Structures are given as structure tokens and as C-alpha cells.
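In what follows, a structure is listed as C-alpha cells, so that the remarks can point back to it.
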Amino acid sequence: MDNSQTILDLLSQMQATADDIKRTCQETRERLGQQRRSIHDQVQETLDRYPLL
């Protein structure tokens, strides 16, 4: 394998890693958004059940 092929292979691996990182970040953002909405809903239900005033 020559140097140019090695470089192309490394670049391909780097791109695959970058794609994995992007996908993981997107999944994490979505999961955190769902958790935030769930917590917000729970707080709202509690406030509806036990009004502060």
C-alpha cells in the first residue's frame, strides 16, 4: 500500500468517526430534549395538583 492510499484510508476513517460523533451528539440532544419535556410536564402536573396560592 502506498502513502497516498494510506492517507485516503485514514481520511475515510476520520470521516466515519466524525459521522459517528455527529450521530451520537444528535441522539443525545434528542434524548435530553425528551427528558426536559418530561420533567417540564411533571412539574406542570405537580403545580396543577398543588397550586402555590
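Asp20 meets the stated requirement of being out of contact with any Leu (no Cβ under 6 Å at 6 or more places or on another chain), charged (D, E, K, R), surrounded by 10 or more Cβ atoms within 10 Å (Cβ to Cβ) and free of Cβ contacts under 8 Å to residues at least 60 places away in the same chain. Residues satisfying the criterion are absent from segment 35-44 (criterion: modelled with pLDDT of 95 or more, under 12 Å from the mean Cα position of the chain (by Cα) and aliphatic (A, V, I, L, M)). When each of Gln13, Gln5 is tested for being out of contact with any Pro (no Cβ under 9 Å at 6 or more places or on another chain), surrounded by 10 or more Cβ atoms within 10 Å (Cβ to Cβ), assigned to a helix (DSSP H, G or I) and among the polar types (S, T, N, Q), the lone residue that passes is Gln13.
The values are calculated or read from the model by the stated rules, or taken from the named source; none is laboratory data. Please read all numbers here as calculations on a predicted model, not as lab measurements. Glycine also receives a Cβ, built like all others from the backbone with ideal geometry; neighbour counts cover every protein chain displayed.
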